[in-house]
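Only one structure is covered here, and it is reproduced in the block below.
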Amino acid sequence: SKSTGVHMQYRKIGKNDDEISALGYGAMRLPTKNGMIDKEKAAEQIYYAIDHGVNIIDTAYPYHGGASESFLGEILKDGYREKVKLCTKMPSWSVKKSEDMKKYLEIQLKKLQTDCIDYYLIHNMTIASFEKLKELGVIEFLEDARIKGKINNIGFSFHSNLDSFKEIVDSYNWDVCLIQYN
């Protein structure tokens, strides 16, 4: 950082040459006050992170009861949107018909106040949810959204077991996947 002499490390994404900070900012557990996002404190933290080299922010449709994406859309102004890659996720469990995919993406673009989501992931992918989504044309939808410039990279987030992961990761030429580990 500017003040401490500590410098952010970056990792190159092989498929697109993006240089992504080794630490990202997760917008699932922002500071809260009275059950709502503490906008002042959360904005201060996010601006601090970006000013010190964090260049990817991860959010999702359901985070903070649906308020996380809207909050990020509000605060990523004055050049901050251009300094970060935005990652958000399709609420796969809410997709009942193919039209739902377009509906959620349009809502998310509006909430995030952006024309394009840098990394758009299918949220919490499982074998069962992937099979259902494939039948609804999820891959075609995502590729079409990329052609139209609404998303740049296609991926999924994952919380299940190794065998399921291998099957999903080998089933398509994904740009990225977000894996929980602890």
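For the structure I just gave you, tell me whether GLU82 is part of a helix (DSSP H, G or I), within 16 Å of the chain's Cα centre (by Cα) and touching a residue at least 24 places away in the same chain (Cβ under 8 Å). So GLU82 does not fit the description; no. Restricting attention to the range 14-59, the residues that are in contact with a helix residue (DSSP H, G or I) (Cβ under 6 Å, 6 or more places away or on another chain) and within 22 Å of PRO91 (Cα to Cα) total 6.
Looking at the structure I just gave you, is LEU121 open to solvent by less than 70 Å² (accessible area, probe 1.4 Å), modelled with pLDDT of 95 or more, touching a Ser or Thr at 6+ places or on another chain (Cβ under 6 Å) and not in a helix (DSSP H, G or I)?
It is true that LEU121 is open to solvent by less than 70 Å² (accessible area, probe 1.4 Å), modelled with pLDDT of 95 or more, touching a Ser or Thr at 6+ places or on another chain (Cβ under 6 Å) and not in a helix (DSSP H, G or I).
Residue pairs whose Cβ atoms lie under 9 Å apart, sitting 6 or more positions apart in sequence or on different chains, and linking a residue in the range 25-50 that is within 20 Å of HIS7 (Cα to Cα) to a partner that is open to solvent by 80 Å² or more (accessible area, probe 1.4 Å) and of a type outside the set (S, T, N, Q), are ALA49/LEU23; ILE50/LYS83. Of the residues that make up the range 98-111, is at least one open to solvent by less than 30 Å² (accessible area, probe 1.4 Å), within 27 Å of LYS132 (Cβ to Cβ), of a type in the set (Gly, Ala, Ser) and part of a helix (DSSP H, G or I)? Looking for residues that are open to solvent by less than 30 Å² (accessible area, probe 1.4 Å), within 27 Å of LYS132 (Cβ to Cβ), of a type in the set (Gly, Ala, Ser) and part of a helix (DSSP H, G or I), one finds none in the range 98-111, hence no.
Which of the residues belonging to the range 46-68 are closer than 17 Å to SER157 by Cα and either part of a helix (DSSP H, G or I) or of a type in the set (Val, Ile, Thr) (or both)?
Answer for the range 46-68, where residues must be closer than 17 Å to SER157 by Cα and either part of a helix (DSSP H, G or I) or of a type in the set (Val, Ile, Thr) (or both): ILE56, ILE57, THR59, TYR63.
Any residue at all in the range 97-105 that's under 20 Å from GLN180 (Cβ atoms) and of a type outside the set (D, E, K, R)? Scanning the range 97-105, I find no residue that is under 20 Å from GLN180 (Cβ atoms) and of a type outside the set (D, E, K, R), so the answer is no. In the set (1) out of contact with any Cys (no Cβ under 6 Å at 6 or more places or on another chain); (2) of a type outside the set (Lys, Arg); (3) touching a residue at least 60 places away in the same chain (Cβ under 8 Å), the condition left unmet by ASP58 is number (1). Of the numbered criteria (1) assigned to a helix (DSSP H, G or I); (2) open to solvent by 20 Å² or more (accessible area, probe 1.4 Å); (3) in contact with a Leu (Cβ under 8 Å, 6 or more places away or on another chain); (4) among the hydroxyl-bearing types (Ser, Thr, Tyr), the one THR114 fails is (1).
Here is a check on your reading of the model: is GLU44 farther than 14 Å from LEU72 by Cα, of a type in the set (Asp, Glu) and either open to solvent by less than 50 Å² (accessible area, probe 1.4 Å) or modelled with pLDDT of 95 or more (or both)?
Here the answer is no, as GLU44 does not meet what is asked.
Scanning the range 25-36 for residues that are open to solvent by 50 Å² or more (accessible area, probe 1.4 Å) and in a loop (DSSP other than H, G, I, E, B) turns up MET28, ARG29, ASN34, GLY35.
The values are calculated or read from the model by the stated rules, or taken from the named source; none is laboratory data. What you see is a predicted model; the values in this text were computed from it and never measured. FYI the Cβ positions are ideal-geometry reconstructions off the backbone, even for glycines, and counts take in every protein chain you see. Areas reflect the complete protein model, heavy atoms only, side chains present, ligands, DNA and RNA absent. Shrake-Rupley method; radii C 1.70, N 1.55, O 1.52, S 1.80 Å.
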